[in-house]
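**Student:** This is the structure, below, for whatever I ask next.
The values are calculated or read from the model by the stated rules, or taken from the named source; none is laboratory data. Not measured: the values here are computed from a predicted model. Using ideal geometry, Cβ is built from the backbone for each residue, glycine included, and neighbour counts are taken over all protein chains shown. Just so you know, the surface numbers come from the protein's heavy atoms only, side chains and all, with ligands and any DNA or RNA stripped out. Shrake-Rupley method; radii C 1.70, N 1.55, O 1.52, S 1.80 Å.
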Amino acid sequence: MKTPKLTVSDILKRKHFEHIQIAAGHQGLNRTVKWVHVMEVTKINKLLRGKELILSTGVGWRENKSLFISFVQQLIECDASGLCIEMGTYASSIPQEIIDLANEHRFPIILFLKEVPFVEITQDIHTYLINQHYQIISNLESYSQELNKKLLSIDHYDEILKFLHHYLGHQVIFKINGKEVELVPKYVKPSKEEQQLFDSVLHPQQKKATQSIRIFGNEYAELSIVSIDKEISEFDLLILDRTATALAQHLLRDLYVEEKKRAQENEWLKSWLEGEHTSEAIFDYLTDHETELKPKGGFVSICRFKSSKQYSNLDITYFKLLFRTIFEQQGFSTFPVDFRNSVVFIMVNKRDIKTWKNRMKIGIKYLMESDFANKKRIPNFLIGVGKFVENISQMDKSYQTALETIKIQNQLGEKANSYFYEDLHIYRIISLIHKYSDLHEVVMEYLEPVIQYDKKYNGKLMETLKVYLACNGSKKETAKRLFVVRQTLYHRIQKLKKLLGDDFMNPEKRLAIEFMIKAYEYLMSNDESQYVQNHK
């Protein structure tokens, strides 16, 4: 569709421009005009926005050539469209230096050879421009209405791309992240023009405009229009923006419907987590969803909410869609399974195995910082990432380790410094001991004298013991970290020797004590008051 555009040349054909002379800048007559100003002052560099046609009698500079040159130079720097001067009253001639300057910059200078009413010129052109803007708004509204009608009936976004091409006449390029570029109109076979189009995507200086399509704050796709033979107008950019918004709505609807369908597959996926499917059955399932999917191992990630109320109040479909959108960008296919208070995601890796953990960290960061999370649409939840398995039929092993990670995180609270099972190290061993024996009894066998002493005298011996071990027995470093004088530290160490034995720094005993300190923190971290009450 041809969009209205007013140039200097168009204005010269209008009323009151019958008796004119183009003194300079003939090559700039195609400059766009967005507004008309009457201007008689000579300091104007902060008064213009660009694309204005200036009317002047010359009273500001009269016969002062240097002021005149400065005035024209400022107009050029402000990207004015041109200068119209009424000759006779204040200006009688145009110096050659100004003509040369205007020609050099293709800046039109038009002379009125007879007196003209500036007020009628501005009224005429402003009326035209306002009507022009109204027409743009009207065309944009009509386009939007047609687009909205299509959204209600189309099955594929290809119809939107074709509508955009038909309306503007530009080549349309569309790309969803991770998928092939789509062209409208399509080329039957490779050609010179097709190569030009792909080059235009790679080289922003060519005649093209691009609009990012974002879903849940993440870039999901990219829409571009490319012009070979004409400039892309502001109207084209507005149409492109409206189309990108419509595409985002259509894509979101498709993703939502797809997510609903996937919810029906919950039972099959639960069996996968329990290790009941063969590699062949799993592969068939994956290829049904993504034809070209080539699994490179995977793992299980669990998102657990703190209560059934939080879970029930959450739009779980949108949460899963947000999760999927973020982690697909990081090279994972996600398959969600609903449990009470939790969503378990089977994560199939599609990229280099060596980078899976870093990519997962990036995805978790985006999830926690997403607009949905920041606006409290997603309540606080725990994330547990299980062990990575290269054979996707062994997801049950990853699932069990993800559950263990959630259990440890729930126990440690803020002290848990990782979402990943493989980072929890000693806490995995502590949790295992706690599961099969009385961990409290084992801890007290080593640390009870120190714990009881601190309760009775507030002696800070446990803190001292922990720091002293962390400093590898360095008294100087320990005193520095505890902010105590050496004499105080020596006194505490003597007390520890008395309570734990002179040999408490011997390698084997020291290792056991360090382990028991971690176990004690594990027991105390979840609910200290409840723990103390249970073990009085």
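**Student:** Consider SER418 carefully, then state whether it is open to solvent by 20 Å² or more (accessible area, probe 1.4 Å), among the polar types (S, T, N, Q) and either at pLDDT below 85 or in contact with a helix residue (DSSP H, G or I) (Cβ under 9 Å, 6 or more places away or on another chain) (or both).
**Tutor:** Spelling it out, it is not the case that SER418 is open to solvent by 20 Å² or more (accessible area, probe 1.4 Å), among the polar types (S, T, N, Q) and either at pLDDT below 85 or in contact with a helix residue (DSSP H, G or I) (Cβ under 9 Å, 6 or more places away or on another chain) (or both).
**Student:** State yes or no: is LEU152 open to solvent by 70 Å² or more (accessible area, probe 1.4 Å) and in a helix (DSSP H, G or I)?
**Tutor:** For LEU152, the condition - open to solvent by 70 Å² or more (accessible area, probe 1.4 Å) and in a helix (DSSP H, G or I) - is met.
**Student:** Among LEU75, LEU101, LEU67, which is of a type in the set (A, V, I, L, M, F, W, C) and under 21 Å from ILE121 (Cα atoms)?
**Tutor:** LEU75
**Student:** When you scan the range 125-140, do you find a residue that is farther than 21 Å from GLU18 by Cα, open to solvent by 40 Å² or more (accessible area, probe 1.4 Å), part of a helix (DSSP H, G or I) and in contact (Cβ under 8 Å) with a residue 60 or more places away in the chain, even just one?
**Tutor:** Yes, the range 125-140 contains at least one residue that is farther than 21 Å from GLU18 by Cα, open to solvent by 40 Å² or more (accessible area, probe 1.4 Å), part of a helix (DSSP H, G or I) and in contact (Cβ under 8 Å) with a residue 60 or more places away in the chain.
**Student:** Which members of the range 288-305 meet the condition of being out of contact with any helix residue (DSSP H, G or I) (no Cβ under 8 Å at 6 or more places or on another chain) and either open to solvent by 90 Å² or more (accessible area, probe 1.4 Å) or within 15 Å of GLN400 (Cβ to Cβ) (or both)?
**Tutor:** Selection gives ASP288, THR291, GLU292, LYS294.
**Student:** Identify, from the list LEU269, LEU252, the residue that is closer than 30 Å to LEU140 by Cβ and part of a helix (DSSP H, G or I).
**Tutor:** LEU252
**Student:** Give just the number: which of (1) closer than 18 Å to ILE11 by Cβ; (2) surrounded by fewer than 19 Cβ atoms within 10 Å (Cβ to Cβ) does PHE112 not satisfy?
**Tutor:** The number of the failed condition is (2).
**Student:** If VAL172 satisfies every condition in (1) of a type outside the set (Gly, Ala, Ser); (2) modelled with pLDDT of 80 or more; (3) part of a helix (DSSP H, G or I) but one, which is the exception?
**Tutor:** (3)
**Student:** Quickly run through the range 323-363 and pick out the residues that are closer than 17 Å to ASN218 by Cβ and either touching a helix residue (DSSP H, G or I) at 6+ places or on another chain (Cβ under 6 Å) or surrounded by fewer than 20 Cβ atoms within 10 Å (Cβ to Cβ) (or both).
**Tutor:** Within the range 323-363, ILE326, PHE327, GLU328, GLN329, GLN330, GLY331, SER333, THR334, ARG359, LYS361, ILE362, GLY363 qualify.
**Student:** Those residues that are hydroxyl-bearing (Ser, Thr, Tyr) and over 15 Å from GLY459 (Cα atoms), I need them from the range 469-506; list them, please.
**Tutor:** Scanning the range 469-506 gives SER474, THR478.
**Student:** Continuing with this model, one more query. Report the residue count in the range 240-274 for those that are hydrophobic (A, V, I, L, M, F, W, C) and within 27 Å of LYS397 (Cα to Cα).
**Tutor:** Within the range 240-274, residues that are hydrophobic (A, V, I, L, M, F, W, C) and within 27 Å of LYS397 (Cα to Cα) number 5.
**Student:** PHE107 - would you say it is more than 46 Å from the chain's Cα centre (by Cα) and open to solvent by less than 70 Å² (accessible area, probe 1.4 Å)? Write out each step before concluding.
**Tutor:** Details: more than 46 Å from the chain's Cα centre (by Cα): no; open to solvent by less than 70 Å² (accessible area, probe 1.4 Å): yes.
So PHE107 fails the test.
**Student:** Could you pull out every one of the helices (runs of 4 or more DSSP H) wholly within the range 446-536 that has 1 or more residues that are modelled with pLDDT under 85 and surrounded by 13 or more Cβ atoms within 10 Å (Cβ to Cβ)?
**Tutor:** Once the helices (runs of 4 or more DSSP H) in the range 446-536 are filtered for at least 1 residues that are modelled with pLDDT under 85 and surrounded by 13 or more Cβ atoms within 10 Å (Cβ to Cβ), what remains is 507-525, 528-534.
**Student:** Suppose we filter GLU276, GLU231, GLU219 for residues that are open to solvent by 10 Å² or more (accessible area, probe 1.4 Å) and assigned to a strand (DSSP E or B); which single one remains?
**Tutor:** GLU219
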